[in-house]
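Here's the structure we're looking at; comments come further down.
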Amino acid sequence: MSTLKNLSFALVGATVIFMGANPAGAVSLTQGGSTPVAGEGQYTNIQGAQTINFNDGVAPSSGVVTYSATNGIVEGSVSGQYATPFNNTSKYLTISPTGEKVDDKDFAGNSGDVTINFAQNLDYFGFYWGSIDTYNFVDVYSGGTLLKTFNGADVPGAPANGEQSGSTNNVYINLLADTTKGETFDKVVLRSTGRAFETDNHSYRLASVPESSSTLGLLAFGILSAGSFMKRKSKTA
């Protein structure tokens, strides 16, 4: 009987683990944003999303959203360093390889990458991606596990050749978790191995928390299944 009890607890534990599982690679990249806003480029068209547009010259460093580096918030273009996204004259975020210098001086955005941590799970993150390049990368994590890495070549229809003008290579990108499977993520890393990775109008949406009744229902199902299995084993014995 002791063995059956242990098996019952094991089955219940497996049910709980399954409920919290977040399969790797479950994030998709799509293209599509709002009609361009004068001087600010495109914004998200995802309902319920919050937006960070950097217009005040800063990025969040506490609370729900935390940016690891904010020395890359710039305005306008500087030849050989960064270029403003198409139809965008407002402030935006640029990222270049670590230690990049011009005339022996550091320039904005030479942190190599920017990690964006979220205090709560997300089911969506988006941004306006300017002059898309193949050496621009986006890493999506959940609980420290890398779910997916995208680069400029993954953007549908974009040549990813650094073209600074036109809407083909300057587009709004949406990263979406599969909500039908309860999948989420909590960290996004933007990084670049070349000059530069320019983005603006970052948007995110917090994932809805399952109702406690639903969670308890799933747990109860696991317990009942384990109990049924015990009864069958007892009769067999």
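Restricting attention to the stretch 113-158 and to residues that are β-branched (V, I, T) and under 13 Å from the mean Cα position of the chain (by Cα), the residue that is nearest to G63 (Cα to Cα) turns out to be I116. Being touching a Lys or Arg at 6+ places or on another chain (Cβ under 9 Å) and either of a type in the set (S, T, N, Q) or crowded, with 21+ Cβ neighbours inside 10 Å (or both), is that true of even one residue in the stretch 57-73? Checking the stretch 57-73: not a single residue is touching a Lys or Arg at 6+ places or on another chain (Cβ under 9 Å) and either of a type in the set (S, T, N, Q) or crowded, with 21+ Cβ neighbours inside 10 Å (or both). Scanning the stretch 159-214 for residues that are among the basic types (K, R) and not in a loop (DSSP other than H, G, I, E, B) returns K181, K187, R191, R205. Inspect all residues belonging to the stretch 78-90 and state whether any of them is within 20 Å of D139 (Cβ to Cβ), assigned to a loop (DSSP other than H, G, I, E, B) and without any contact (Cβ under 8 Å) to a residue 40 or more places away in the chain. There is no residue in the stretch 78-90 that is within 20 Å of D139 (Cβ to Cβ), assigned to a loop (DSSP other than H, G, I, E, B) and without any contact (Cβ under 8 Å) to a residue 40 or more places away in the chain.
Is it the case that T15 is at pLDDT 95 or above, surrounded by 11 or more Cβ atoms within 10 Å (Cβ to Cβ) and either of a type outside the set (G, A, S) or not in a helix (DSSP H, G or I) (or both)? Give the derivation first.
On the way: at pLDDT 95 or above: no; surrounded by 11 or more Cβ atoms within 10 Å (Cβ to Cβ): yes; either of a type outside the set (G, A, S) or not in a helix (DSSP H, G or I) (or both): yes.
Considered against the rule, which asks whether it is at pLDDT 95 or above, surrounded by 11 or more Cβ atoms within 10 Å (Cβ to Cβ) and either of a type outside the set (G, A, S) or not in a helix (DSSP H, G or I) (or both), T15 comes out as no.
Looking only at the stretch 23-73, residues that are of a type outside the set (G, A, S) and at positive phi come to 1 in all. The single condition among (1) closer than 18 Å to S79 by Cα; (2) touching a Leu at 6+ places or on another chain (Cβ under 7 Å) that A108 does not meet is (2). Take the conditions (1) within 27 Å of S165 (Cβ to Cβ); (2) free of Cβ contacts under 8 Å to residues at least 12 places away in the same chain; (3) among the hydroxyl-bearing types (S, T, Y); S61 misses just one of them, which is (1). Of all residues in the stretch 131-158, those satisfying the criterion of being part of a loop (DSSP other than H, G, I, E, B) and surrounded by fewer than 19 Cβ atoms within 10 Å (Cβ to Cβ) are T134, Y135, G143, G144, P156, G157.
Per this entry, G130 is counted among residues that are small (G, A, S) and closer than 21 Å to N45 by Cβ. Count of the stretch 62-85 residues, restricted to those that are out of contact with any strand residue (DSSP E or B) (no Cβ under 6 Å at 6 or more places or on another chain) and either closer than 10 Å to E198 by Cβ or charged (D, E, K, R) (or both), is 4. For the residues Q81, Q31, the requirement of being at pLDDT below 95 and touching a Phe, Trp or Tyr at 6+ places or on another chain (Cβ under 8 Å) singles out Q81. Hey, could you check the stretch 84-118 for residues that are exposed (fewer than 15 other Cβ atoms within 10 Å of the Cβ) and among the hydroxyl-bearing types (S, T, Y) and say which is modelled with the highest pLDDT? The residue in question is T89.
If you check P60 against the conditions, is it modelled with pLDDT under 95 and of a type outside the set (A, V, I, L, M)? When the stated conditions are applied, P60 passes them.
The values are calculated or read from the model by the stated rules, or taken from the named source; none is laboratory data. Nothing here was measured: the structure is a model prediction, and the numbers come from that model. Virtual Cβ from ideal backbone geometry, glycine too; neighbours counted across all protein chains shown.
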